[in-house]
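Nothing in this text is a laboratory measurement; each read-out follows from the coordinates by a stated rule. Keep in mind that what you see is a predicted model, and the values were worked out from it rather than measured. For neighbour counting, all protein chains shown are included, and Cβ atoms are generated from backbone atoms with ideal geometry for every residue, glycine included.
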Amino acid sequence: MNLRNSLKTHRAKAGLTQAALAEAVEVSRKTINTVENGVFIPSTVLALRLARVLELPVEALFQLDES
Amino acid sequence: MNPLALARLGSNIGIVVVMAAFTTALFVESGKVSNAWTWTIGGVALLGVAAQFIISVIWPSSVKTAWDEQVLMTQRSANAFGYFTVLVIFLIFLALVILDVLDATLAFYLLSIPLAVAPSIWMIAAHFQGRAG
């Protein structure tokens, strides 16, 4: 079971750059980049912080790929 | 770029470079180690620590992002990589010392090289892969 995420789409919709989102959740821009690319799976705390900043439920950002 | 992440990268590169020079000297001088190397290696390591400490004090806002959860995970991997690298080399050296192929004192000095370098190499590689700040 893999983790899919739509962080990049929702970040773009919110009009935020990777750097701006990184600053809002207190991580590096590279961490946002690796999360968006599926290289790094964030902790629950970071996932909830991202969801809070983007004003979305966490399930809208991260979904389990059942296939 | 985050100044603290840059200082950390510089410190790791410094360690790798000075240990590479130490390794070269070790072979050129046929296993005899000058005491000056102790101060040089220790000096480079302490310089890296001091630089990171000073930057943390001057730019406290850089600390959280330079040591975010991805970097902490990368550092744990670097430590594990260093541990297992040294463990494997230790076992090889142990066999060589028992077989009288390698001098025990020289083996002790040689073991310090992967001990210092392996975690730093991992961190440098991770930095350029975007996994360390």
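With a/c under 1.5 counting as rounded, go ahead and sort segment B:1-116 into rounded, prolate or oblate using the C-alpha gyration tensor (a ≥ b ≥ c being the square roots of the eigenvalues; past the cut-off, prolate if a/b is larger than b/c, else oblate). Please report the intermediate quantities before stating the final value.
Numbers: a/c = 3.87, a/b = 1.82, b/c = 2.13.
The shape class here is oblate.
Compare the Cα positions of A:SER43, A:ILE32, A:LEU61 along the charge dipole of segment A:2-65 (+1 at Cβ of Lys, Arg; -1 at Cβ of Asp, Glu; about the Cα centre) and return the one farthest towards the positive end.
Looking along the dipole axis, the top candidate is A:ILE32.
Could you name the aspartates and glutamates whose alpha carbon sits less than 13 Å from that of A:LYS30, not counting residues in the same chain fewer than 8 places away?
Filter leaves B:ASP68, B:GLU69.
Can you list which of the GluC sites (Glu not before Pro) found in chain A are DSSP loop residues with at most 10 other C-beta atoms within 10 Å? Write down the numbers at each step before the final one.
Numbers: sites: A:GLU23, A:GLU26, A:GLU36, A:GLU55, A:GLU59, A:GLU66; in loops: A:GLU26, A:GLU55, A:GLU66.
Hits after loop and neighbour filter: A:GLU55, A:GLU66.
Please turn the phi angles of segment A:3-9 into ³J(HN,Hα) values with the Karplus equation 6.51 cos²θ - 1.76 cosθ + 1.60 (θ = phi - 60°), one per residue in order, whole Hz, x for glycine and proline.
Here the 3J(HN,Hα) series is 9, 9, 9, 10, 4, 4, 4 Hz.
Along the charge dipole of chain B, Cβ charges K/R +1 and D/E -1, which of B:PRO60, B:ASN79, B:SER112 sits furthest on the positive end?
B:PRO60
Taking the Cα centre of segment B:1-132 as the origin, how large is its charge dipole in debye, to the nearest 20, when only Lys and Arg (+1) and Asp and Glu (-1) carry charge on their Cβ atoms?
Values: 5 positive and 5 negative charges, 68 e Å.
Dipole size: approximately 320 debye.
Pairs of Cα atoms under 8 Å, at least six residues apart: use those to get the relative contact order of chain B, whole percent. Spell out each step's value before the answer.
Working: 115 pairs, mean separation 53.0, N = 133.
Computed value for chain B: 40 percent relative contact order.
Mean 1/r over all different Cα pairs, inverted: what Kirkwood radius does chain A give, in Å? All intermediate terms of the calculation are to be shown ahead of the outcome.
Working: mean 1/r = 0.0852 Å⁻¹.
For chain A, inverting the mean 1/r across all distinct Cα pairs yields 11.7 Å.
Using amide H atoms built 1.01 Å from N in the peptide plane, name the residues 5+ places from A:LEU3, or on other chains, whose amide H lies under 5 Å from its own.
A:ASP65
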